[in-house]
Amino acid sequence: MEFTGRFAIADYIVFGASLAVSTAIGIYYACSGGKQKTTKEFLFGNKTMGIIPTALSLVATFLSAISILGWPVEIYNFGTQFATWFFAAFISMPVPAYIFIPIFDKLQVTSVYEYLELRFNNSVRLFGAITFIIQINLYMAVALFAPSVALSQVTGIPLWIAIVASGSVCTFYTSIGGLKAVVWTDSLQMIIIFGGLIAVIVRGTLDVGGMAEVGRIAREGDRLEFFNINPDPTVRTTLWSMIIGGAFIILSSTCTNQASVQRYLSMKNLKSAQRCLWLTVPVWAINFLLVTLIGLTAYARYHDCDPLLANYINSHDQLVPYFVQDTLRFMPGASGLFIASCFSGALR
């Protein structure tokens with residue numbers, strides 16, 4: 001099957017509805033309550049945010065389309081050792097929960113860079129803020145590009161229009177709705193992401209012959225590996241590289257990233273913030289399980305006919321969109337749901 005997929009009407013409806021709801025949430029919070037007139041309400045939601053939606057928002061903040069489209073390809077090509085990155089999340093959580101969050105809660109700073117000024121001076125604060133701006137712009141460029149490529153492939157619209165559309169929706173609901181709009185939109189988007197992933201997994205495993213068959217093919221293809229303890233640093237993925245490398249990434253995201261700190265400070269007290277952070281662990285576990293199953297299911301389907309070698313796709317970057325199109329082509333709106341889940345990873 002060649003990769004010539006185009007959205008059907010049902011796909012456009014599902015995808016458009018997801019963007020419309022995100023926009024509507026921003027409008028609702030712009031017009032309700034205090035109407036985002038104070039810094040406390042706009043940046044911290046009046047410190048009344050719930051633990052569950054904020055935990056979902058914390059995960060959504062760092063779960064981009066890169067994860068949804070890229071991680072399954074890593075599993076497809078190199079096996080499940082990459083999934084042990086999750087253990088780093090569990091091991092690392094005590095550091096932000098019991099060291100960093102208490103400090104930020106005690107100081108009640110507006111941003112992590114305000115802490116840098118209190119601890120050092122204004123020059124250090126400015127340097128930290130500029131570094132973050134550069135980093136987040138580089139990251140968002142890639143995060144917007146990945147789902148826009150997928151959308152362009154299934155709709156035929158120019159790539160630049162897809163990028164501008166996704167960035168505009170995110171900027172609109174964030175700027176008028178404040179943190180409340182962001183948190184509740186993130187929560188909705190996490191549901192969309194999980195829904196899209198589950199739809200592909202369920203249909204894909206049924207097409208292959210069941211989860212047992214997926215496991216058998218993956219095992220015979222040497223794709224099931226979790227505890228490679230080879231100390232050689234040149235090996236692509238081992239348990240050590242996933243845990244040690246993953247820990248540094250997670251600590252940088254959960255300890256001092258402004259997006260995380262702002263959500264911690266939106267909680268009513270310290271214990272709520274700590275519980276919120278710990279709740280992200282099972283959410284991350286679910287995410288890793290789903291993307292791993294996507295990769296294994298795709299491998300089970302194409303292990304004897306790789307779409308890249310068959311010239312159905314131009315690179316493995318197109319593998320997941322191709323797999324979705326191939327798997328869900330008989331389910332109206334299902335492809336739209338999955339592309340919506342990819343875009344949800346970019347609407348931050």
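The values are calculated or read from the model by the stated rules, or taken from the named source; none is laboratory data. Here the structure is a predicted model, which is why all the values come from computation and not from measurement. So basically every Cβ, Gly included, is an ideal-geometry build from the backbone, and we count neighbours across all protein chains shown. Heavy atoms of the whole protein, side chains included, go into the accessibility calculation; ligands, DNA and RNA do not. Shrake-Rupley method; radii C 1.70, N 1.55, O 1.52, S 1.80 Å.
Rounded to the nearest 20 debye, what is the charge dipole size of region 37-150 about its Cα centre when +1 sits on each Lys and Arg Cβ and -1 on each Asp and Glu Cβ?
So the dipole magnitude of region 37-150 works out to roughly 280 debye.
Rounded, prolate or oblate: which fits the chain, taking a ≥ b ≥ c as square roots of the Cα gyration tensor eigenvalues, rounded meaning a/c under 1.5, else prolate when a/b beats b/c?
Values: a/c = 2.05, a/b = 1.37, b/c = 1.50.
It is oblate, given that a/c is not under 1.5 and a/b is not larger than b/c.
Given an 8 Å cut-off on Cα distances and at least 6 residues of separation, report the relative contact order of the chain as a percent.
It rounds to 43 percent for the chain.
Cβ under 15 Å from GLN81's Cβ, GLN81 left aside: what net charge do those residues give with Lys, Arg +1 and Asp, Glu -1?
Details: positive: ARG219, ARG223, ARG236; negative: GLU74, ASP222, GLU225, ASP232.
Spelling it out: positives minus negatives among the neighbours equals -1.
Between ILE198 and LEU309, take the C-beta separation as r, use R0 = 45 Å, and let me know the FRET efficiency to the nearest 0.05. Write out the running numbers ahead of the final one.
Working: r = 29 Å, r/R0 = 0.64.
So the FRET efficiency works out to roughly 0.95.
Which helices pass in the chain if a helix is a full DSSP H run, must span at least 27 angstrom along its long axis by Cα, and must have mean Kyte-Doolittle hydropathy not below -1.0?
Numbers: long enough: 9-31 (32 Å, 1.48); 122-155 (48 Å, 1.29); 159-208 (46 Å, 1.42); 270-302 (49 Å, 0.95).
Span-like helices here: 9-31, 122-155, 159-208, 270-302.
So what is the 222 nm mean residue ellipticity for the chain from helices alone, if each DSSP H run of at least 4 adds -39500 (n - 2.57) and you divide by all residues, rounding to the nearest 500 deg cm²/dmol?
Values: 15 runs with 250 residues, N = 348.
Dividing the helical sum by the residues of the chain leaves -24000 deg cm²/dmol.
Going by a ≥ b ≥ c, the root eigenvalues of the Cα gyration tensor, does region 1-137 fall in the rounded group (a/c under 1.5), the prolate group (a/b larger than b/c) or the oblate group?
Details: a/c = 2.13, a/b = 1.31, b/c = 1.63.
Taking the square roots of the gyration eigenvalues as a ≥ b ≥ c, region 1-137 is oblate.
Report the FRET efficiency, 1/(1 + (r/R0)^6), for ALA20 and ILE286, where r is their Cβ-Cβ distance and R0 is 25 Å, rounded to 0.05. Intermediate results must be reported in sequence, preceding the final value.
Working: r = 26 Å, r/R0 = 1.05.
The value I calculate is 0.40.
Of PHE145, ALA89, VAL112, which is farthest on the positive side of the dipole of region 1-151, counting Cα position, with +1 on Lys and Arg Cβ, -1 on Asp and Glu Cβ, and the Cα centre as origin?
Towards the positive end, the residue furthest out is VAL112.
Work out the charge dipole of the chain with +1 on the Cβ of Lys and Arg and -1 on the Cβ of Asp and Glu about the Cα centre, then indicate which of LEU19, ALA60, PHE127 is farthest towards its positive end.
Working it through, the farthest residue towards the positive pole turns out to be PHE127.
Using a 10 Å cut-off on Cβ atoms, rank the peptides 20-26, 136-142 from the highest mean neighbour count down. List each step's numbers first, then the result.
Numbers: 20-26: 19.0, 136-142: 12.1.
Highest mean packing first, the order is 20-26, 136-142.
What dipole magnitude, in Debye to the nearest 20, does the chain give about its Cα centre under +1 on Lys/Arg Cβ and -1 on Asp/Glu Cβ? Display every interim value, and only then the final one.
Working: 21 positive and 18 negative charges, 289 e Å.
The calculated dipole for the chain is roughly 1380 debye.
Would you mind classifying region 165-263 by shape? Square roots of the alpha carbon gyration tensor eigenvalues, ordered a ≥ b ≥ c; an a/c under 1.5 is rounded, otherwise it is prolate if a/b is larger than b/c and oblate if not.
Numbers: a/c = 3.56, a/b = 1.37, b/c = 2.59.
Here region 165-263 falls in the oblate category.
Relative contact order for region 1-149: what is it in percent, counting Cα pairs under 8 Å that are at least 6 residues apart? Spell out each step's value before the answer.
Numbers: 37 pairs, mean separation 27.6, N = 149.
Relative contact order for region 1-149 comes out at 19 percent.
Given 0.36 nm per residue, what is the gain on full extension from PHE145 to TRP240 after removing their alpha carbon distance, in nm?
Extending this stretch completely gives an extra 31.1 nm.
Count the lysine pairs in the chain that are 8 or more places apart or on different chains: how many have C-alpha atoms under 18 angstrom apart?
The number of close lysine pairs in the chain is 14.
As a test question: what accessible area, to the nearest 10 Å², does HIS303 have when a 1.4 Å probe is rolled over all protein chains in place?
Only protein atoms counted, so the area is about 90 Å².
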